[in-house]
Amino acid sequence: MNQKVDVAIVGAGTAGLAALREVRQRTDDFVIVNKPPYGTTCARVGCMPSKTLIAAANAFHARVKLDTFGIRGADNLSVDIPAVLARVRMLRDDFVAGVLKSTEDLGERSIAGHARLDGPNRLIVDDRVIEARQIVLAPGSSPIVPKPWQALSDRIYTTDTLFEAKDLPRRIGVIGLGAIGAEMAQALARLGIEIHAFDGADQMAGISDHKVADIVRKSLGEEFAIHLGVEVDLASATDGIEIRWGDNSVEVDRVLVAVGRRNNVQDLGLESLGVPLDDRGMPTVDPQTMRIGDTSVLLAGDANGIRPILHEGADDGHIAGLNATRNVPVRLVRRTAMSITFCTPEIAAIGKKAADLDLDDCLTGEVDFSSQGRARTMQENCGLLRIYLCNSG
Ligand SMILES: Cc1cc2nc3c(=O)[nH]c(=O)nc-3n(C[C@H](O)[C@H](O)[C@H](O)COP(=O)(O)OP(=O)(O)OC[C@H]3O[C@@H](n4cnc5c(N)ncnc54)[C@H](O)[C@@H]3O)c2cc1C
């Protein structure tokens, strides 16, 4: 079957749906192709279920402060993990249902299947050929499980599978303490699970300011075991997994692998565009137009690897959708970079990070929250704000 459209969008995730919103305002001549499942990474297995789990964990953890407030009886509280996970899935299903509404009126313009480029104006979707004047690619990303560990997959969680669990075991290892690993490790620890967490880097959650990193490590380290700057290996154990690092080892029941996400470009046909690809198979994308070189193909969301985070993916999608309906692309100024890790204390970075600056050339200001009055009233007097003022722009 052959089909000709003005715009084809690949991926009905956050970026693809943002592109769809722009395209729909300008033409009816489009299709959106999505490899199931539908519902977006954010709603299905990402931001929303993770935040639901964190909310439950924080609610239970609040009991440890009650006695200091003069509220007694907290020792009698217990957590029903299957009920916590059932609520995560119940809300998740609701969020996904909300997302599904955005494509349900599209009829034949919504196509379920795996799309592959065959040149800059053609897509192959199963036995269908779609020719499009412009193509928005927004295929997202997937969790990485290193090859040697895949043999243990029945004892490994990723964030694609964690929220499907009906119950959780007593001991969990968390490998990778980027934003996702740090959030999940603390949430699981706050639900009463013994957590052993590891990262090859010396700091967690991508923090490059050493003073902030020290506070985060100390604070989270009071809740679970953190090992930074270590390379780990996994081996099968009688009932679980043995995590080995240096001369040390610990046995856990399951491991959450959170070592990063791979952009879904492996089977996308990018090589058919005739543009240079780097050693990861990635083309150069202009972040102000989302265009790949001067082709008629735009690459948005996690898949372009520029800023793999929700609000940036949505912005990517809007820019890509806008430009997919134009002959001459508009160049849009991007937001100041902003990211949050939803652990406690929360970690936010706005603008350039310490690692990207020459701090010797900057004025640095800081506020320590440990004696801040209002924070003390809430027993939340932990944290540090650091601001850099630099000439370099
Ligand atoms: C656990 C977790 C927590 C997170 N928490 C936060 C948070 O708190 N805040 C935040 O800002 N970000 C968060 N993120 C990141 C955020 O979820 C992602 O940045 C965002 O969802 C990416 O959207 P996307 O549109 O690029 O990809 P997706 O939503 O993954 O959409 C891609 C779609 O393309 C489809 N697809 C793939 N290949 C093809 C193909 N060849 N043909 C057709 N369709 C294809 C996929 O099936 C999928 O439906 C989190 C992520 C995770 C995993």
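The values are calculated or read from the model by the stated rules, or taken from the named source; none is laboratory data. Only a predicted model underlies this, so the values are computations on that prediction, with no experimental measurement involved. FYI the Cβ positions are ideal-geometry reconstructions off the backbone, even for glycines, and counts take in every protein chain you see. For accessibility, only protein heavy atoms count, side chains too; no ligands or nucleic acids. Shrake-Rupley method; radii C 1.70, N 1.55, O 1.52, S 1.80 Å.
Structure notes:
- Angle of helix 179-190 to the longest C-alpha principal axis of the chain, folded into 0 to 90 degrees and rounded to 10: 40°.
- Top positive-direction residue, dipole computed over the chain with Cβ charges, set 68, 301, 332: 332
- Net +/- balance of residues flanking residue 134 in space, Cβ distance below 10 Å, scoring K and R +1, D and E -1: +2
- Student exercise, the chain dipole from Lys, Arg, Asp, Glu Cβ charges, in Debye to nearest 20: 940
- Debye, to nearest 20: dipole size of segment 25-158, +1 on Lys, Arg Cβ, -1 on Asp, Glu Cβ: 480
- Computed over segment 258-393, Kirkwood Rh from alpha-carbon pairs, angstrom: 18.1
- The ellipsoid equivalent to the alpha-carbon distribution of segment 192-273 has semi-axes of 28, 22, 12 angstrom, derived from the gyration tensor eigenvalues as √(5λ) and listed largest first.
- Relative contact order of segment 68-166, taken over Cα pairs closer than 8 Å and 6 or more residues apart, is 24 percent.
- Sorted peptide list for 209-216, 165-172, 314-321, criterion being average Cβ within 10 angstrom, highest first: 314-321, 209-216, 165-172
- Unpartnered cysteines - no second Cys beta carbon under 4.7 Å - across the chain: 343, 382
- Counting protein heavy atoms only, segment 31-148 has 55 percent of its accessible area on carbon and sulfur, 1.4 angstrom probe.
- A simple packing score, the average count of other Cβ atoms within 10 Å per residue, orders the peptides 115-122, 236-243, 370-377 as 115-122, 236-243, 370-377, with the highest score first.
- Computed over protein heavy atoms with a 1.4 Å probe, the accessible surface of the chain works out to 50 Å² per residue.
- Crossing angle, helix 14-24 versus the chain [Cα axis fit, 0-90 degrees, rounded to tens]: 40
- Counting every C-alpha pair in the chain, the share spaced more than 30 angstrom apart comes to 48%.
- Net charge of the neighbourhood of residue 342, taken over other residues with C-beta under 13 Å away and scored Lys/Arg +1, Asp/Glu -1, is 0.
- Helix 210-221 vs. the chain, principal-axis angle (Cα, 0 to 90°, nearest 10): 70
- Nonpolar atom fraction for segment 333-372, defined as the carbon and sulfur part of the 1.4 Å probe accessible area, stands at 53 percent.
- Farthest toward positive dipole pole in segment 237-276 [+1 Lys/Arg, -1 Asp/Glu at C-beta], among 270, 258, 241: 270
- Accessible surface of segment 183-232, 1.4 Å probe, proportion on carbon and sulfur as whole %: 46
- A simple charge model with +1 on the Cβ of Lys and Arg, -1 on the Cβ of Asp and Glu and nothing else charged puts the dipole of segment 119-267 at about 400 debye relative to its Cα centre.
- Dipole of the chain, positive direction: furthest Cα of 289, 140, 187, with charges on the beta-carbon: 289
- Translational diffusion of segment 118-271, estimated by Stokes-Einstein from the Kirkwood radius over alpha carbon pairs at 25 °C in a medium of 0.890 mPa s, is 141 µm² per second.
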